[in-house]
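Inspection log for the structure reproduced underneath, given as structure tokens.
Read the figures in this text as sums done on the coordinates, not as results from a lab. The structure presented is a predicted model; accordingly, all values stated were derived computationally and were not measured. In this analysis, Cβ positions are derived from the backbone assuming ideal geometry, glycine residues included, and neighbour counts consider all displayed protein chains.
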Amino acid sequence: MAWSRFKKKKNMPGGLWEKCEGCGAMIFRKDFSALKLCPDCGHHFSIGARERIELTVDESSFNELWADVSTVDRLDFVGYAEKIDRTVGKCGNNEAVLTGRAAVHGYSVAFGVMDFAFLGGSMGVAVGEKICRLAELALAEGLPLVIFCASGGARMHEGALSLMQMAKTCGALQRFHEASGFYISVLTNPTTGGVTASFASVADVILAEPGALIGFAGPRVIKETLKQDLPKGFQRSEFLLEKGQVDRIVPRGELRNEIGKLLAYATGGDPVAVGAVAEDAADREAE
Ligand SMILES: [Zn+2]
């Protein structure tokens, strides 16, 4: 039928509208603020790694490191090299995590942010390597570490090599932890698989955005394995907060200030001052 060629999302004219997964409302893309929240229900839409950096760190403070660390197709996996080429072209970064130095409310940090648009934020050798280097930088320079996670899990195209990154990242983070390093992990929608089961979950403070899917295996797999219905809200931030796996749920618009306050607490700074700066900024915005 003629209309069938419009069924695919990519054939929608210009992609002007986006449907809210939270309440089903159609949102005109131009109506999105920088936070990309649903104006009706507050649903947090996915945002890109660079948008995340802009929302979180002090202006122009992000200094990217290791941007040249790129994927190696060691298994010669069919179609993988081409897929990576296309994805690099689309995303503008070499891999599914951006890493570097930055500052939040004036506090210097080692900062990492995963890019879900890059093959579902999957973790292969390059992602593991960059997370390790970031933890090692934080250790060497005595910086707190902040990582925003968004991942579908380990990258199947790299087989066991991708699974080894779970141990590798946790090893680096354990050395950082033993040296009394301070690590904040922020779980965003979705954080799953090998990333949840490794570096995302071994932080001193684990924050999550509202309504984020966080888990190891997906709900469908668990349901089929257990042969029973899962509780309501299973694997969402709010459920995990209740179970103690997440320390605090922080709406996107408050994350920057929350991280600033935590950095102040951890480094002997003044969290009240961070709060005051945040209030000033909010007042200015309201005027
Ligand atoms: Zn909504």
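The table below lists the values:
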quantity: Principal axis dimensions, region 58-188 - Cα atoms, whole angstrom, descending; calculated: 45, 32, 24
quantity: Against the rule of thumb 2.2 N^0.38 Å, how large the Cα Rg of region 221-287 comes out; calculated: 1.68
quantity: For region 106-246, fraction of C-alpha pairs farther apart than 20 Å, in %; calculated: 46 percent
quantity: Separation of the Gln228 and Val72 label points, Cα + 7 Å toward Cβ, nm; calculated: 4.6 nm
quantity: Per-residue Cβ neighbour rank within 10 angstrom, fewest leading, Met156, Met114; calculated: Met156, Met114
quantity: Cα-centred dipole magnitude for the chain, charges only on beta-carbon of K, R (+1) and D, E (-1), debye, nearest 20; calculated: 1400 debye
quantity: For region 85-151 versus region 171-224, the gap between their alpha-carbon centres in whole angstrom; calculated: 14 Å
quantity: Cβ-based net charge around Glu51, under 12 Å, with every Lys or Arg adding one and every Asp or Glu removing one; calculated: +2
quantity: Estimated Rh, the chain: Kirkwood, alpha-carbon pairs, angstrom; calculated: 20.0 Å
quantity: Helix-only [θ]222 nm of the chain, DSSP H runs n ≥ 4, -39500 (n - 2.57) each, per residue, nearest 500; calculated: -11500 deg cm²/dmol
